[in-house]
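Peer 1: Please read through the structure below; I'll follow up with questions.
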């Protein structure tokens with residue numbers, strides 16, 4: 001089911017595709033402070049250089065879809081623009097962040113490389129086309145309520161602007177109340193569209209709204225699901241990482257600490273190499 005997208009996406013002289021070595025998208029769920037964001041970017045870059053993988057740094061300037069009005073949301077757009085600009089300039093890292101409203105797309109485009117459409121908003125035509133019109137790479141997270149074949153309609157919205165640089169992310173599907181499961185068929189279905197596919201390892205173990213006014217999570221299943229996903233042959237693994245997950249302002253139950261992240265990636269790179277050598 002080819003949708004006339006770019007099968008290989010170039011970002012800072014690196015290639016993202018379902019056939020090339022696994023790219024890792026990692027960073028804290030939310031921009032909590034300039035100091036913390038810079039520390040996490042520097043720490044993750046060091047790990048990537050030591051282990052030899054391509055890294056894209058991610059963080060959200062605003063967690064606008066909190067369960068409760070009392071949930072912390074992050075540092076905000078304007079402050080985060082300055083932080084992202086420093087990371088790009090000083091660390092030469094590609095950056096991914098998500099948008100929630102159309103006006104944010106033009107404001108953020110000069111300091112990021114990938115604009116992400118959140119899963120809850122993957123049917124919002126105006127948001128998708130506004131993001132795509134920046135000509136940035138667009139990562140569409142498949143909604144928790146969306147069949148994998150229906151993501152093609154979101155892809156068509158991006159293509160309608162002339163932008164062919166699209167990534168698709170699997171992040172679990174609703175399975176009753178406060179629960180997600182991963183249907184691994186979706187990775188193949190989206191890959192058959194000839195678009196680079198991402199597996200979101202940490203949001204796939206989220207328990208939406210399952211934590212008394214916030215979302216819970218089951219990080220003990222991150223490794224198992226990640227190995228399964230990478231073994232199918234995908235372009236990227238997405239993981240939220242924090243130096244002290246228990247103190248994170250959001251997704252504290254499913255973010256990985258730096259040590260566990262490094263151990264996980266070491267395993268996944270081996271599975272990725274095997275999957276792509278035998279395919």
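Read the figures in this text as sums done on the coordinates, not as results from a lab. Please read all numbers here as calculations on a predicted model, not as lab measurements. Here the Cβ positions follow ideal geometry from the backbone for every residue, glycine too, while neighbour counts run over all protein chains shown.
Peer 1: Looking at the calculated P(r) for segment 123-258, what percent of the C-alpha pair distances fall above 19 Å?
Peer 2: Above the 19 Å cut-off, segment 123-258 has 52 percent of its Cα pairs.
Peer 1: Could you list 87, 138, 278 in order of exposure, starting from the residue whose Cβ has the fewest other Cβ atoms within 10 Å?
Peer 2: Least crowded to most crowded, the residues run 278, 87, 138.
Peer 1: Would you calculate a helix-derived [θ] at 222 nm for the chain, using -39,500 (n - 2.57) for each DSSP H run of n ≥ 4 and dividing by the full residue count, to the nearest 500?
Peer 2: The helix-only estimate for the chain comes to -10500 deg cm²/dmol at 222 nm.
Peer 1: Quick one: work out the % antiparallel among DSSP beta bridges in the chain, nearest 5.
Peer 2: 20 percent
Peer 1: Also: Share of Cα-Cα pairs in segment 38-161 beyond 23 Å, in percent?
Peer 2: In whole percent, the share of Cα-Cα pairs in segment 38-161 beyond 23 Å is 36.
Peer 1: If you don't mind, there's one more thing I want to ask. Which option, (i) 22.1; (ii) 20.7; (iii) 18.4, is the value of Kirkwood radius over Cα pairs in Å that was calculated from these coordinates?
Peer 2: Answer label, from the structure shown: (iii).
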